[in-house]
Structures are given as C-alpha cells and as structure tokens.
There are 2 protein chains.
Amino acid sequence: MTRRIPASTIRRLSHYLRSLEDLEASGDETVSSEELALRGQTTAAQVRKDLSHFGSFGKRGLGYRIEELSARLRQILGVDRVWKVALIGAGRIGSALFEYPAFESRGYECVAIIDSDPAKIGTYWSELQIHGPDDLESLLAELGVELVILAVPARAAQEMAERSVRAGIKGILNFAPIRLKVPRHVPVEDVNLVMELEALSFAITQHGSEP
Amino acid sequence: MTRRIPASTIRRLSHYLRSLEDLEASGDETVSSEELALRGQTTAAQVRKDLSHFGSFGKRGLGYRIEELSARLRQILGVDRVWKVALIGAGRIGSALFEYPAFESRGYECVAIIDSDPAKIGTYWSELQIHGPDDLESLLAELGVELVILAVPARAAQEMAERSVRAGIKGILNFAPIRLKVPRHVPVEDVNLVMELEALSFAITQHGSEP
DNA sequence: TTGTGTGAATCCCTTCACAGCG
DNA sequence: CGCTGTGAAGGGATTCACACAA
C-alpha cells in the first residue's frame, strides 16, 4: 500500500498527531491542512502531500475530520496498540526514560529492566525487578519484548544489541554514541545528545560570522 | 566563508570527528575519505563533498592528516572552546544530562541549575546549588551563560525559553515536546523522545507489511 | 599510482498550481 | 464557493566520474 516514505514525513506525521490530540480536546470537529500546517511549522501543501502517501481521508471544501484522522495516524505510526519494551541499562538515562510520563501514556509498556551492576540487580523500580544480563535472551523472548531501549555505555551497546536481536526483538532505540551493526530488518533510531549539542554550537558559531 | 550548509552535513561532521578521535587514539597519521565513510555509514564522495564546503584540507594520493582534520572539525563545529551551559529543569532528564559523562569532556560546562520545585531550591548537585526561577534573567546574564538546556514540562517551556533569550543566551537544546517560538537568531535543537519511538514503531509496522 | 576536489548528472523532497469534488 | 488530492515544476542534496596533485 505504501512505498518509500521519507523519514521527514514520519516526523511530521508525529507532529500532526500531537496537534490533532490537542484539537480533539478543544472540541472542534474538523481541521484544514492549513491549520495543521500552522501548528506543525510546515506548509498546507506539505501536509496534504504527507497524508496522500497513505490514502485520501479529507473531504474537499471541508477539511479533515479530527477524530478520524487521528485514529488513522495512530494506525499508520503503529501506536494504536501497546508495545512491550525492555530497558537495557538502568543508569541515569534509563531512569529518566522509565519515569518519562509520555512513555506509558503513548502505549509503550516497560516489561523488563536489565543492568549489569550487581548493586542494582534484584532491586526494584516501581513493581519491576532489575535483572542481570546473563539470561537476557530468554527473558526478552519469554516476555515477548518487541522494542529495546539501549541506554548502556558505548562499549557494551553492540553486544547487548546483538543479543536482543537474537532474542527476536523488532527495533532498538539507541542512546549509545555508536553505530550499531544489526540485521537490515531491525530498525534502529539513534538519539545522540553530543551530536545535538554540536549542531547547536555550530549554528551559533556560524550565526556570529554572518550578518 | 561558508554558505548554506545542510543540517545533514553537520550531523555527519560530528560523526567524522568522533571517528577521528578514535583513530587518533590508535596512532594512525592519515585517513582516506573511504575509511571515514566506512565508519560513518556514508560514502567516500559524501565525505569529500561535506569537507569541501569548508575548504580543502586533504592531500591528493594520501588522504587527510588525522590530527589536522580533527582540529579543523572542532573549529568548524565550534567545540574548540568551552560553552557555558545552564540546566533549566532539575527533574529526571535534567539529572541524566547533568551526569552525562560526554557532557563535560566535550567542552560543555554546566554553570547553573534552575528548578521551580521549592523542595529542590537551595539543595546541591555536586558543587552547584539549585536556583529558583525568579532571578533567572540576572543569573544567566551574570554567569555569561550561552547555552540553555530546557528540560522542563511542556507548559513551562515557552516562558523559560523567552526569559532565557531575554537574558542573552545564544541557543537552546529543548527536551519539551513543543515548538518553541523564539527570535530567528536563536537556534533551537529539539530532542523529542516520543517522536523517536513513533518513528521506530512506524518502521517496524511497515516492515511487517512488506516482503 | 593513489585518493582528493569538483562540476555534471541524478535522485528525491518540497512547492506550485489547478482540476475536481462536496 | 472552499479545500483536498495530485501531476508537474523546482530546488537541494547525493552520487558519479574524472582531472589533477602528490
């Protein structure tokens, strides 16, 4: 049904969904592509083009029914269901994510925490006991984990990724500052804070040298 | 000296710099664009094109002198100096960033922490005392803060951003899931974890429906 | 010979503009 | 009318291919 959707489109769909949820709360029934564009820092044509990749669910002369479109976007983005997530690495970043409120409210359920620190193994975060890394594969497989959040130091990341893939997980959100080598069918999203900071300092530095 | 550098180029420069630092440690003297490409998940032509935006610092038939190129990249990315950073929001994400080891080692020095929670105001993280938001403007201005990391709830983010800009800061790393409205000359980098997760679940969902 | 630097060709994303439906 | 959906045009970024320097 779909072919080659640009990554930039996906990010915008995420935005549109958030805007729609705001609009739902405000009681409106429909939106135009122009209004969505305004809230998403893009253009009306772009909104329509983005949506057209997946079908045509607007009414000409009227716009999009908010409820219908948001349901469809949830479906497209795959968030019309609950994803079972394992958190590998119970350090600072792991803890921040674990408590991130948007996390559970958006359909991501953390069902396992893994860390290699003996002082942490066996302790609890909320109801969840922290496991050591030894039985990683069987643990993930038994719990039916689909998504892994990798928040371990760079040196441990590749091994944990490989073992997770072996356990049958389907995607990785990677906070370690390395390029993971995994089979092509396992998507990886990288979050690299140093890179973001460097993009920022570049932008500032350049700005100073231009009028 | 430079015009219109694509954002994707900057992210790759960041990568190259990290690769170069690895190579520096391993004692080599030179790299080819091909080797850099291999480590950066891109092509040799792309590496050369990226670098050519800023000048030509390779030697034909030989490659790039590692030390020279990494120094030049640090200069380009603006990380050949120390940036004074303020952390606004001392919650989970703030705490994770504060302890992020790459942070200080890369030239970002946190000189102030601000939070509105009365229970936190006055307490210390390492040597740094947490301030309330009341005197934000004067605090940032006095300390000469250039970069702000915004790790507060969405509802507070816009106000904190505006006040930071008024205090003369030059860039914002934003973790709040909203589009900040700030003057054009203040660059903002957004880190949106929900968006990353949604990109991942989209990729997985799509993948299943294709052979 | 090796590997850079770079115009030219290509590819892909965005924007335009308008036909067509409600 | 008003606003969507979409081919066509436009603009950037990536890739190609080769002249040229070491």
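Assorted remarks:
- Volume per residue that the Cα convex hull of the protein assembly as shown spans, once the total is divided by residue count, Å³: 175
- Cβ-to-Cβ counts within 10 Å put A:Arg65, A:Arg18, A:Arg4 in ascending order as A:Arg4, A:Arg65, A:Arg18, the fewest first.
- Helix axis angle, B:193-208 relative to chain B longest principal axis, alpha carbon, degrees: 50
- Within a Gaussian network of chain B (alpha carbon springs, distance under 10 Å), most fluctuating of B:Glu99, B:Glu29, B:Glu109: B:Glu29
- Beta bridges per DSSP, both residues in chain B: antiparallel share near 25 percent.
- 28 Å Cα-Cα threshold exceeded, pairs from B:Lys84/B:Lys181; A:Lys181/B:Lys49; A:Lys181/B:Lys170; A:Lys49/B:Lys181; A:Lys59/A:Lys84: A:Lys181/B:Lys170; A:Lys59/A:Lys84
- Cα centre as origin, Lys/Arg/Asp/Glu Cβ charges: the stretch A:7-76 dipole, Debye: 380
- Of A:Leu38, A:Leu200, A:Leu173, the residue with the greatest mean-square motion in the GNM of chain A, using alpha carbon springs below 10 Å, is A:Leu200.
- By the compact-protein rule of thumb, 2.2 N^0.38 Å, the alpha-carbon radius of gyration of the stretch B:69-124 corresponds to a ratio of 1.39.
- Neighbour counting of Cβ atoms within 10 Å sorts the residues A:Val194, B:Val148, A:Val145, fewest neighbours leading, into A:Val194, A:Val145, B:Val148.
- Long-range amide H partners of B:Val152 with built H, under 5 Å: B:Phe175, B:Ala176
- Mean partner shielding of peptide B:174-181, defined as the number of other chain Cβ atoms within 10 Å of each residue Cβ, is 2.
- For chain A, dividing the convex hull volume of the Cα atoms by the residue count gives 171 Å³ per residue.
- Under 16 Å of direct C-alpha separation, and excluding same-chain neighbours fewer than eight residues apart, B:Lys120 reaches these aspartates and glutamates: B:Asp134, B:Asp135.
- Averaged over A:82-91, number of beta-carbon atoms from partner chains that fall within 10 Å: 1
- Longest to shortest principal axis, alpha-carbon extents of the stretch B:2-85, angstrom: 39, 29, 22
- For A:Trp83, distant residues with modelled amide H under 5 Å away: A:Tyr108, A:Glu109
- Cα lying deepest toward the dipole's positive end in chain A, options A:Gly78, A:Ser32, A:His207, charges on Cβ: A:Ser32
- Note that the stretch B:135-140 has calculated 3J(HN,Hα) couplings of 9, 3, 4, 5, 4, 4 Hz, one per residue in order, obtained from phi through the Karplus relation 6.51 cos²θ - 1.76 cosθ + 1.60 (θ = phi - 60°); glycine and proline are x.
- Calculated FRET value between A:Ser26 and B:Glu162, using beta carbons and R₀ = 22 Å, to 0.05: 0.40
- P(r) weight above 19 Å for the stretch A:83-195, C-alpha pairs, percent: 38
- Among the residues of A:13-19, the average count of other protein chain beta-carbon atoms within 10 Å of the residue beta-carbon is 4.
- Gaussian network model of chain A, springs between alpha carbon atoms under 10 Å - residue of A:Glu104, A:Glu24, A:Glu196 with greatest fluctuation: A:Glu196
Bear in mind these aren't lab numbers, they're just calculated from the coordinates by the rules spelled out. Remember, predicted model here, so these are calculated numbers, not experimental data. Neighbour counts are summed over all protein chains in view; Cβ atoms, including those assigned to glycine, are modelled from backbone coordinates with ideal geometry.
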